[in-house]
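Asks: This structure is in structure tokens; I'll ask about it shortly.
The values are calculated or read from the model by the stated rules, or taken from the named source; none is laboratory data. Keep in mind that this is a model prediction, so the values were computed, not measured. Counting neighbours? That spans all protein chains shown, and the Cβs are built from the backbone with ideal geometry, glycine included.
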Amino acid sequence: MAADTTSLSRRGILAGIAALGVHGMGRSAHAAETRPLAERMAAYAAVLRYEDLDAATIERVKAHVIDVLGCGIAALDERAVRICRDIALSVQGAATIIGTARKTSPDLAAFANGVAGRYYDLNDIYVGRMTCHPSDQIAPCFAVAESERAGGRDLVTAIALAYEINCRLVDSVDITSRGWDSPVFSLPAVALAAGKLMKLDAAKLTEAVNLAINDHLSTGQTRRQVLSDWKGLSDGEASRNAVFAAMLARGGITGPNPIFEGTLGFFKLISGEANVDVTQFGGHGNPFRINQCGMKAYPAVVFTQTAIAAATAIADDITKGAPAKAAALEQITAIEIATSKRGLVQTGTDREKWAPATRETADHSMPYITARAMFDGDITNDSYTPAKLKEPRILAFMQKITVTEDPVLTARTGGAVPTRITAVLADGRRITREVNDIPGFAAQPMRRPEVDRKFRGNIGKRWTSQKTDAVLKSLWALENTKDIGALLATMKV
């Protein structure tokens with residue numbers, strides 16, 4: 001069992017100070033904080049050990065690994081996933097393309113596997129000052145761990161590190177309000193996790209961060225107007241760039257410095273000034289942020305997850321005892337949806353959300369998700385077939401829907417992602433449901449039975465049930481794995 005983080009607090013802090021080259025306990029904390037942010041995060045990454053992880057954090061790492069691997073295998077046959085896989089397989093290397101017996105370079109495996117895990121928008125979610133999908137960093141950790149012949153404990157530590165860097169930056173900085181996209185924070189998270197698996201020292205880890213960030217910033221256009229294939233690919237591309245940056249840093253390449261605080265650096269041009277207190281990161285007597293991450297129940301953007309629950313509840317009320325569900329729902333003359341500010345921007349501002357032409361636009365459309373959930377009672381991957389996107393009754397029903405921000409819901413957004421839906425009926429009745437939280441979110445985390453059930457649903461009939469049992473058993477013992485490649489080989493489809 002992992003040691004308690006509190007008992008390691010003093011040892012971890014002292015090790016971090018030593019890594020920074022700061023001496024004298026009287027001024028160490030202040031001196032450490034005046035160093036550039038990339039250096040401070042690199043020092044944190046360099047000293048983090050498996051023994052610094054508590055048992056709950058190790059359990060959550062394994063749960064999120066199982067979740068994203070199931071999501072990735074479910075999406076293997078999708079066109080965009082197949083294209084990325086084929087491109088990756090044009091290069092030979094030491095990292096497995098998950099679901100196959102073939103291998104490529106670690107950076108391209110990070111890309112192709114990351115695309116698969118992310119494609120259905122069914123993987124995990126973290127809600128801070130903005131939202132992100134930290135499990136997008138699991139694919140690059142697997143790719144580098146396999147290439148470096150690392151063991152399960154090193155892999156688990158790298159994944160916890162990637163989550164910590166990503167989520168803590170999301171806590172500190174909202175770049176989406178300035179037009180940038182969340183994969184920007186995957187760059188330092190993956191660079192540090194990959195570099196740690198490569199056993200880089202703090203100086204080279206710093207250069208990995210500098211190199212990863214400078215040339216690979218993702219714009220918010222990815223998630224506005226007509227959403228394209230890139231919505232599901234952008235984080236995989238960030239991982240590819242970050243792994244390559246770590247490889248360059250290992251070879252001795254240096255990058256722009258200081259990347260955050262420089263006169264034309266990240267704070268100046270991208271985010272605005274921010275205070276990121278690395279001493280509060282997990283493992284110094286502080287909880288790890290992976291424990292505040294949720295897992296999705298539906299393949300749709302996080303802001304619609306509670307809307308689905310509210311919409312299906314209203315539909316059940318209206319159609320109870322009715323001979324024809326669709327006819328009963330036609331009693332509705334208007335649907336008023338209240339969401340948070342970010343929910344409105346992501347799902348209800350662009351006119352394309354009322355006539356989604358692509359799956360990617362539809363799974364980020366509050367009107368489409370709400371209408372489809374009311375008529376079908378659920379949202380699944382089949383909710384986005386071309387025929388369903390063009391269904392006349394759904395398109396007509398969506399024109400009854402308005403989406404607005406409620407500042408009260410905005411203030412409440414964090415671990416919860418609240419939505420309130422009101423249906424106005426022809427006879428003047430108003431039926432309202434407000435949902436703040438659903439099973440799978442951080443306040444109601446999925447436990448082993450729920451994680452297993454979701455994994456089995458994603459795997460479907462690709463494997464026998466006996467094989468699924470064996471794979472799950474191995475993944476729940478991930479920290480004891482000696483050969484990552486052999487583990488991945490058991491997942492061939």
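Asks: Across the range 439-468, what is the total count of residues that are within 15 Å of C71 (Cα to Cα) and among the hydroxyl-bearing types (S, T, Y)?
Replies: Selection size over the range 439-468: 1.
Asks: Report the residue count in the range 270-289 for those that are in contact with a Ser or Thr (Cβ under 6 Å, 6 or more places away or on another chain) and aliphatic (A, V, I, L, M).
Replies: Counting residues in the range 270-289 that are in contact with a Ser or Thr (Cβ under 6 Å, 6 or more places away or on another chain) and aliphatic (A, V, I, L, M) gives 2.
Asks: Residues of the range 349-375 being basic (K, R) and under 22 Å from the mean Cα position of the chain (by Cα), which ones?
Replies: The answer is R359, and nothing else.
Asks: Quick one: in the range 341-352, which of the residues that are touching a helix residue (DSSP H, G or I) at 6+ places or on another chain (Cβ under 6 Å) and not small (G, A, S) is surrounded by the most Cβ atoms within 10 Å (Cβ to Cβ)?
Replies: Per the stated criteria, the residue is T347.
Yes/no matrix, rows are residues, columns are (1) closer than 18 Å to A46 by Cβ; (2) surrounded by 20 or more Cβ atoms within 10 Å (Cβ to Cβ):
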residue: A245; (1), (2): yes, yes
residue: G252; (1), (2): yes, no
residue: G262; (1), (2): no, no
residue: F266; (1), (2): no, yes
residue: G272; (1), (2): no, no
residue: V278; (1), (2): yes, yes
residue: N291; (1), (2): no, no
residue: I314; (1), (2): no, yes
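Asks: Give me the pairs, please: first residue somewhere in the range 466-493 and among the hydroxyl-bearing types (S, T, Y), second residue anywhere and part of a loop (DSSP other than H, G, I, E, B), beta-carbon distance under 9 Å, and either six or more positions apart or on two chains.
Replies: Once the first residue is among the hydroxyl-bearing types (S, T, Y) and sits in the range 466-493, its partners that are part of a loop (DSSP other than H, G, I, E, B) give T468/R462; S474/T481; S474/T490; T481/G151.
Asks: Within the range 334-345, is even one residue of a type in the set (V, I, T), in contact with a Lys or Arg (Cβ under 8 Å, 6 or more places away or on another chain) and without any contact (Cβ under 8 Å) to a residue 40 or more places away in the chain?
Replies: Taking every residue of the range 334-345 in turn, none turns out to be of a type in the set (V, I, T), in contact with a Lys or Arg (Cβ under 8 Å, 6 or more places away or on another chain) and without any contact (Cβ under 8 Å) to a residue 40 or more places away in the chain.
Asks: Collect the residues in the range 461-493 that are of a type in the set (A, V, I, L, M), in contact with a Leu (Cβ under 8 Å, 6 or more places away or on another chain), modelled with pLDDT of 95 or more and not in a helix (DSSP H, G or I), keeping them in residue-number order.
Replies: M491
Asks: Condition check: modelled with pLDDT under 95, in contact with a strand residue (DSSP E or B) (Cβ under 9 Å, 6 or more places away or on another chain) and either in a helix (DSSP H, G or I) or assigned by TED's automatic domain parsing to the domain that holds I138 (or both). Does L217 satisfy that?
Replies: Yes, satisfied.
Asks: Answer with yes or no whether T206 is modelled with pLDDT under 90 and not assigned by TED's automatic domain parsing to the domain that holds L344.
Replies: Spelling it out, it is not the case that T206 is modelled with pLDDT under 90 and not assigned by TED's automatic domain parsing to the domain that holds L344.
Asks: Determine if the range 188-201 includes at least one residue that is surrounded by 24 or more Cβ atoms within 10 Å (Cβ to Cβ) and more than 18 Å from A143 (Cα to Cα).
Replies: No, the range 188-201 contains no residue that is surrounded by 24 or more Cβ atoms within 10 Å (Cβ to Cβ) and more than 18 Å from A143 (Cα to Cα).
Asks: Considering only the range 422-446, how many residues are surrounded by 13 or more Cβ atoms within 10 Å (Cβ to Cβ) and small (G, A, S)?
Replies: Within the range 422-446, residues that are surrounded by 13 or more Cβ atoms within 10 Å (Cβ to Cβ) and small (G, A, S) number 4.
Asks: From A310, A327, A338, A297, grab the single residue that is in a helix (DSSP H, G or I) and crowded, with 16+ Cβ neighbours inside 10 Å.
Replies: It is A310.
Asks: Quick check on the range 455-466: of everything there that is touching a helix residue (DSSP H, G or I) at 6+ places or on another chain (Cβ under 9 Å) and surrounded by fewer than 19 Cβ atoms within 10 Å (Cβ to Cβ), which residue is farthest from Y119 (Cα to Cα)?
Replies: The qualifying residue farthest from Y119 (Cα to Cα) is S465.
Asks: Being farther than 22 Å from G72 by Cβ and either out of contact with any Ser or Thr (no Cβ under 6 Å at 6 or more places or on another chain) or of a type in the set (S, T, Y) (or both), is that true of even one residue in the range 134-149?
Replies: Yes, the conditions are met somewhere in the range 134-149.
Asks: I would also like to ask the following. So, in the range 97-111, of the ones that are more than 20 Å from the chain's Cα centre (by Cα) and among the charged types (D, E, K, R), which residue ends up surrounded by the fewest Cβ atoms within 10 Å (Cβ to Cβ)?
Replies: Residue satisfying both the conditions and the ranking: R102.
Asks: So, one more: Since R178 meets every condition but one in (1) closer than 30 Å to Q444 by Cβ; (2) among the charged types (D, E, K, R); (3) at pLDDT below 95, which condition does it not meet?
Replies: Just one mismatch for R178, condition (1).
Asks: Another question, then. Just one of (1) part of a helix (DSSP H, G or I); (2) surrounded by fewer than 24 Cβ atoms within 10 Å (Cβ to Cβ); (3) not hydrophobic (A, V, I, L, M, F, W, C) trips up T206, so point out which.
Replies: (2)
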